[in-house]
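The values are calculated or read from the model by the stated rules, or taken from the named source; none is laboratory data. Keep in mind that what you see is a predicted model, and the values were worked out from it rather than measured. Here the Cβ is made from the backbone with ideal geometry for all residues, glycine too, and neighbour counts use every protein chain on show.
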Amino acid sequence: MKRFLIIKLVICSFIILIPGLETSSASSVKVKPLYKLSNFSGSIPYNNVRLKVDRGTGEVFVLDLHEGDIRIFNGVGMEIYRTGSYRDLGFPVDLAIREDGGIDVLVRDGGRRTVHHCDYRGEPVSVMEFKGIPEGFSDMRPDRILWNGGQLYVVDTESLRVAVFDGGGRYERGYMFADVLEPDEKQAGGNAENSMFGFTVDREGSLFFTIPTLFSVYRVSVDGRVETFGEAGSSAGKFSIVSGIAVDEGGNIYLSDRNRSVIMIYSPELNFRYEFGYRGFGPGGLIVPRDLDIDGTGKVYVAQMGSRGIKAFRVSLGQ
């Protein structure tokens, strides 16, 4: 898929042409289903959740959007702690793990959005004060947050905007991803603009996001370069409803597809490498996978719908 793209970045912009994708050999890739996140009563029948992994400790943090609480699991999938509900603060919509082990919770309260700093036990300590937000970002209605490299990324998936703040809440830069889309793409599928679903940032500071209605994944470097890939289809490596996204330490990109019920892996060069999973209830099966994240040891955690919980896989990519 070849496309010319340009993005409006508060710092600078570039244009890049992406060559067609080539499928690489999957002979060295190995995938092993492991377990579901559980407590002493058995696996937890999660349905609609936000999922984050602390790559330093291997702990898994899960915000249950229905119950409004966060459960923390150790590196072998057992629950070790559960916070109280955050519903008294409003409606929790996302969480982020700080580098000091604390938790931030994004809460919607009517038309307001607030980020609550919590300690490592999830107890609210303070509300983050945002400073210096310029025109064009002050009216954001964020529904995703992520800490990376000491910076907080605040994401409005509907308007395709991201604002980046330092640890003290001061605005540093912003991205208007709507400029990535062609005019006809902005109206694809109806009158409403397309919105992103998955969002993440890699160790180099590049931003990644998915737009399911466009069958596309975007990578935006820190200097504003935009790359995109994706093609609609039902065969291996093709997108039906591409959703969650995560990037490992080597730059490999993991994607969930809700309709095909698979996890796809692309190389740092944006070439399709492998996919695993199928629609079913067997050990390697998945039911409408959505959010996903990766630890630092090759484990991939996948949140499913249908009360099927969160399933862990061991992935070895080889050379």
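Remarks
- In this structure, Tyr274 does not satisfy being within 17 Å of Lys32 (Cα to Cα), in contact with an Asp or Glu (Cβ under 9 Å, 6 or more places away or on another chain), part of a strand (DSSP E or B) and touching a residue at least 24 places away in the same chain (Cβ under 8 Å).
A quick yes/no check of all residues on (1) under 18 Å from Leu37 (Cβ atoms); (2) under 18 Å from the mean Cα position of the chain (by Cα):
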| site | (1), (2) |
| --- | --- |
| Arg219 | no, yes |
| Tyr254 | yes, yes |
| Glu269 | no, no |
| Phe281 | yes, no |
| Gly296 | yes, yes |
| Val300 | yes, yes |
| Ala312 | yes, yes |
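- Against the criterion of being within 16 Å of Ala303 (Cβ to Cβ) and at pLDDT below 95, Arg273 does not qualify.
- Among the residues making up the stretch 263-272, a single one is surrounded by fewer than 21 Cβ atoms within 10 Å (Cβ to Cβ) and either aliphatic (A, V, I, L, M) or more than 19 Å from Phe209 (Cα to Cα) (or both): Leu270.
- Conditions (1) β-branched (Val, Ile, Thr); (2) under 20 Å from Lys311 (Cβ atoms); (3) modelled with pLDDT under 90; (4) surrounded by 18 or more Cβ atoms within 10 Å (Cβ to Cβ): number failed by Val29: (4)
- Meets criteria (at pLDDT below 95, crowded, with 23+ Cβ neighbours inside 10 Å, in contact with a Lys or Arg (Cβ under 8 Å, 6 or more places away or on another chain) and assigned to a loop (DSSP other than H, G, I, E, B)) for Arg260: yes
- Just one of (1) of a type in the set (A, V, I, L, M, F, W, C); (2) in contact with a helix residue (DSSP H, G or I) (Cβ under 9 Å, 6 or more places away or on another chain); (3) under 24 Å from Gly224 (Cβ atoms) fails for Leu146. It is (2).
- Search result, residues across the stretch 277-310 that are surrounded by fewer than 20 Cβ atoms within 10 Å (Cβ to Cβ), polar (S, T, N, Q) and either touching a Pro at 6+ places or on another chain (Cβ under 6 Å) or part of a strand (DSSP E or B) (or both): Ser307
- The residue of the stretch 83-105 that is surrounded by the fewest Cβ atoms within 10 Å (Cβ to Cβ), among those that are at pLDDT 95 or above and among the charged types (D, E, K, R), is Asp104.
- Out of Thr200, Thr228, sole residue that is part of a strand (DSSP E or B), modelled with pLDDT under 95 and either closer than 28 Å to Gly318 by Cβ or within 15 Å of the chain's Cα centre (by Cα) (or both): Thr228
- Only one of the numbered conditions (1) assigned to a loop (DSSP other than H, G, I, E, B); (2) free of Cβ contacts under 8 Å to residues at least 40 places away in the same chain; (3) basic (Lys, Arg) is violated by Arg55, and that is (2).
- Some residue of the stretch 166-176 being closer than 23 Å to Gly101 by Cα and under 14 Å from the mean Cα position of the chain (by Cα): no
Here's the yes/no breakdown for (1) on the phi < 0 side of the Ramachandran plot; (2) in contact (Cβ under 8 Å) with a residue 40 or more places away in the chain; (3) hydrophobic (A, V, I, L, M, F, W, C):
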residue: Gly205; (1), (2), (3): no, yes, no
residue: Gly237; (1), (2), (3): no, yes, no
residue: Val262; (1), (2), (3): yes, no, yes
residue: Glu269; (1), (2), (3): yes, no, no
residue: Phe281; (1), (2), (3): yes, no, yes
residue: Pro289; (1), (2), (3): yes, yes, no
residue: Asp293; (1), (2), (3): yes, yes, no
residue: Phe313; (1), (2), (3): yes, yes, yes
